[in-house]
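Heads up, the thing below is written out as structure tokens.
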Amino acid sequence: MDYPPSYWRFHAGEPPEDDGPVNGDMDADVVLIGGGFTGLATAMFLAREYGIKAVVLEANQIGWGCSGRNGGQGHLAWGRLSRSQWVKKWGVDVARRLHANSLEGYEVFQSMAEDPEIDCEPQNLGNLLIAHSRQALEGLRKESQLCNEVLGYQTRVLDRDTVLNQYVGDQECHGAMLEPVGIAVQPLKLAYGYARVARRLGAKIHTGSPVQNWTTDGKIHYLQTPGGTVRARSVGIATAGYTSPNLNKLTAYRNMPIMANSVWTRTLTDDEIEACGFRSTIFMTDTRKLRYYYRFLPEKRLQIGSRSAISGADSQNPKHLQIVQEAIARKFPALEGIETPFFSHGWMDISHDMMPRIVQPDPKQSVFYAQGYSGNGVSFSAYASKQMATLIAGGKIKEADLPIFSSPLPSHPLRPLRRLGQRALYKYFQVLDTVR
């Protein structure tokens, strides 16, 4: 299938060369299913650090899924839980270890994002969490205090005037928490860069090659594609929110695919930029339950995204674009009614406990996955890929007892009713976001 109509695709240039669809049966030591951030970067790490030349099977094109449809925000975030939620769920000691792990892992992403060969236009400016209400600002004060005093991670709370005068004129802003760590990237160029390096190191990337059937006989996996069967000793699953429940029982219904929008305006005039107070290209997220994430791009466009349709069948409903356009008008009144020539949507892989996993779920099977990034895969996928490559190569992960390594993704006890629950939850969140 063609790429979605995103600005990233328009801006990234032509995709790098790949190896085309599978054409005949073949053998491979390692097959990676999915040609997005995780599959491509895992292939790169396997080749660079272990001399293993993996085969990547991608149903569509390089970076076709959410790797090319996100906001390009590289947060210091492992999953969707806040650091205070880590403390509440696992205690201070585990929270400190998770935070240390996130800093270590973030260095992996930073080194890749700033690699000239990958060429993804990194902007290392940190990030802003924008309080959409006074109550939310008080919550940010408590979160900042925990970061500073318990974790030793120095954040700052900014008042409304500071945000508006130094960063962005978001009219819904009541203040913000400034984190020192955060790199914005051009995400599709990041995926393209991973692909180029992986192929240079000997990996094969077969596009147009969906896995239609998967059987295992002894220690050999048989992955059937339209062009032939690939026989593999080990398989890494890197399909994120696009994981079919029929792919493998180890991943069936372990993620909750949630659709998100991304919108890009036309190029702004200098007067519009001044009226909106765009003084920085730092990336931002607001504190709503149904949050908005946004950036003023160096190309003088506003990129903004939020939640979208609950079902794929409803994804083209104009109301989902209208929701984002209304948010633009609230935040930046000078842009009310502005043209938004680029609009795309895609599935995120939300885990049921809001935390990602990098695991071999069954020690008897040579099957591995890195999934459940819960909307923070731009940065986490780099670290997850390095760790999954370690597992596939037979190595051991440090601090394997941390929650992201020590158990598979949880299932959901009410799986058949998940979408009904999502509808109800969205309605509830809309009320909370309005009254708070």
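The values are calculated or read from the model by the stated rules, or taken from the named source; none is laboratory data. On a predicted model such as this, the values are computed, not experimentally measured, just so you know. Here the Cβ positions follow ideal geometry from the backbone for every residue, glycine too, while neighbour counts run over all protein chains shown. Please note that ligands, DNA and RNA were not included when accessible areas were found on the heavy atoms of the full protein model with its side chains. Shrake-Rupley method; radii C 1.70, N 1.55, O 1.52, S 1.80 Å.
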Within the chain, which DSSP H helices have Cα atoms that stretch 27 Å or more along the helix axis and a mean Kyte-Doolittle hydropathy of at least -1.0? 92-113
Heavy-atom accessible area per residue - the chain, 1.4 Å, Å²: 42
Span per principal axis, largest first, for the Cα atoms of the chain (Å): 63, 46, 45
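So which chymotrypsin sites (Phe, Trp or Tyr not before Pro) in region 9-83 are both in a DSSP loop and have at most 12 other Cβ atoms within 10 Å of their Cβ?
Hits after loop and neighbour filter: nothing returned.
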Apportionment of accessible area to carbon and sulfur, region 150-220, percent (1.4 Å): 44
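What is the gain in length, in nm to one decimal, between Arg97 and Asp161 on full extension, counting 0.36 nm per residue of separation less the C-alpha to C-alpha distance? Could the numbers behind the result be given before it?
Values: separation 64, 0.36 × 64 = 23.04 nm, distance 3.53 nm.
Length gained between Arg97 and Asp161: 19.5 nm.
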Output wanted: per-residue J couplings in Hz (rounded whole) for region 400-407, from phi through Karplus 6.51 cos²θ - 1.76 cosθ + 1.60, θ = phi - 60°, x for Gly and Pro. 5, 7, 5, x, 6, 10, 9, 7
Find, among the trypsin sites (Lys or Arg not before Pro) in region 144-226, those assigned to loop by DSSP (not H, G, I, E, B) with at most 13 other beta-carbon atoms within 10 angstrom. Lys219
Between Ser82, Ser133, Ser306, which gets the highest mean-square fluctuation from a Gaussian network model of the chain, Cα cutoff 10 Å? Ser82
Estimated inter-spin distance, Glu17 and Ser411, nm [label 7 Å along Cα→Cβ]: 4.6
Could you tell me which of the pairs Lys53/Lys189; Lys53/Lys204; Lys289/Lys427; Lys219/Lys364; Lys364/Lys386; Lys189/Lys319 are separated by over 18 angstrom between their Cα atoms in the structure shown? Lys53/Lys189; Lys364/Lys386; Lys189/Lys319
If you average the C-alpha positions of region 48-100 and of region 294-317 separately, how far apart do those two centres end up, in angstrom? 21
Please list the non-local residues whose amide H lies under 5 Å from the amide H of Gly228, H modeled 1.01 Å from N, same-chain partners needing a gap of 5 or more. Gly24
Filter the GluC sites (Glu not before Pro) in region 279-359 down to the DSSP loop ones having no more than 15 other Cβ atoms within 10 Å, then list what survives. Glu299, Glu336, Glu339
Protein accessible area in region 287-431, 1.4 Å probe - carbon and sulfur %: 56
Amide H to amide H, which residues 5 or more places from Ser351 or on other chains are under 5 Å from it, using H placed in the peptide plane? Met256, Ser374
